Amino acid sequence: MAKIQLINIKGEKLKDITLADNVWNIETNDIVLKRAIDLQLAATRQGTAKTKTRAEVSGGGRKPWRQKGTGRARQGSIRAPQWRGGGVVFGPTPRSYAVKLNKKVKQLGLKSVLSYKVQEEKLVAVEAIKFEEIKTKNFLTFLENIKVEGKAIVVCAPEELTNEAVLSARNIPGVFLTPVNNASVYEILCYDKLVVTEGAVKYYEEELN
């Protein structure tokens, strides 16, 4: 069983907590991680690209010239694809890029990224996140106390996502504060450090067990 220090927002050690091996200490599955990342990136695509076919381009209702006797190739419409200003053949149309993953595959991807952070010693566990006022300096002091530098994602229980915490963190470059039920595999991988609260740890172990 893996163990990690639980610290408070001042950086003081409170106790050691034991992490469930089947959530935080599995062999990472790179293929599933790739599929989970593709799922997230595909969901961000709008899928609104659209071109007009020859049926949708205006004009071209009259045959350009008669069928025979001109010496030129026969043409039916000036809006055919071979004409300048004509319709597009096999162009893009609005579509959904959504990718489907089974629930167990999604869970395996999340377990893999959590285990990766533990194995790389990039996981920091804090007791809770609580701020009395909206002040960016307070959040920066919190990160300094827990010795987190650079890009970091802070994952907390939904009830800890107070207005004071959100507004204090949003202007800090490279820092992302999110509730545990909304943190994706892609987002966790994008940041160097993963900071989780005790409530988030319990949530992961209950949901992924």
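The values are calculated or read from the model by the stated rules, or taken from the named source; none is laboratory data. Keep in mind it's a predicted model, so treat the numbers as computed, not measured. Methodologically, a virtual Cβ is constructed for each residue, glycine included, from the backbone with ideal geometry; neighbour enumeration extends over all protein chains shown. Surface areas here come from the heavy atoms of the whole protein model, side chains and all, with no ligands, DNA or RNA. Shrake-Rupley method; radii C 1.70, N 1.55, O 1.52, S 1.80 Å.
Descriptive notes on the structure:
- Of all residues making up segment 2-16, the number that are open to solvent by less than 80 Å² (accessible area, probe 1.4 Å) and either modelled with pLDDT of 90 or more or outside any strand (DSSP E or B) (or both): 5
- Selected residue [over 30 Å from Pro179 (Cα atoms) and aliphatic (A, V, I, L, M)] from Ile31, Ile78, Ile26: Ile78
- Tally of residues being open to solvent by 50 Å² or more (accessible area, probe 1.4 Å), β-branched (Val, Ile, Thr) and farther than 30 Å from Val124 by Cα across segment 17-61: 2
- A single member of Lys100, Lys104, Lys68 is assigned to a helix (DSSP H, G or I), out of contact with any Ser or Thr (no Cβ under 8 Å at 6 or more places or on another chain) and of a type outside the set (Asp, Glu), and it is Lys104.
- Those helices (runs of 4 or more DSSP H) lying entirely in segment 107-209 with at least 2 residues among the hydrophobic types (A, V, I, L, M, F, W, C) and either open to solvent by 30 Å² or more (accessible area, probe 1.4 Å) or in contact with a Cys (Cβ under 8 Å, 6 or more places away or on another chain) (or both): 163-169, 185-190
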